[in-house]
């Protein structure tokens, strides 16, 4: 029996991918933010969070299909953003709210 080809993009298969669950509130609820393949890396995610590209980030998940794992990295990313805030002292209001929510969990 022939195996089906993988649907995982080859460029994504060799590194960790980060996606953001956003809380749009009310009737809209939560949804995973659409992310271009080349923007799924950690450094781009951090930059987008700092700049306020997300409305209300609720959770961040990382996965690596080659290694076969996925995990909630919300607290890890929040800790890294807190360290960067000490250096930058300028961060989007949505990210500051995210840091406050992450500290409570």
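Hey, could you check region 25-38 for residues that are out of contact with any strand residue (DSSP E or B) (no Cβ under 9 Å at 6 or more places or on another chain) and at negative phi and say which is surrounded by the fewest Cβ atoms within 10 Å (Cβ to Cβ)?
27
Among what's in region 69-105 and is in contact with a strand residue (DSSP E or B) (Cβ under 7 Å, 6 or more places away or on another chain) and exposed (fewer than 15 other Cβ atoms within 10 Å of the Cβ), pick the residue that is nearest to residue 25 (Cα to Cα).
The residue in question is 72.
Can you tell me which residues in region 6-24 are surrounded by fewer than 16 Cβ atoms within 10 Å (Cβ to Cβ) and either farther than 23 Å from residue 78 by Cβ or at pLDDT 90 or above (or both)?
Passing the criteria: 6, 7, 8, 9, 10, 11, 13, 14, 24.
Can you report the number of residues in region 39-68 which are assigned to a loop (DSSP other than H, G, I, E, B), buried (at least 19 other Cβ atoms within 10 Å of the Cβ) and either at pLDDT 95 or above or under 9 Å from the mean Cα position of the chain (by Cα) (or both)?
1
The values are calculated or read from the model by the stated rules, or taken from the named source; none is laboratory data. All figures in this text were calculated on a predicted structure; none of them were measured in a lab. Neighbour counts run over all protein chains shown; Cβ positions are idealised from the backbone, glycine included.
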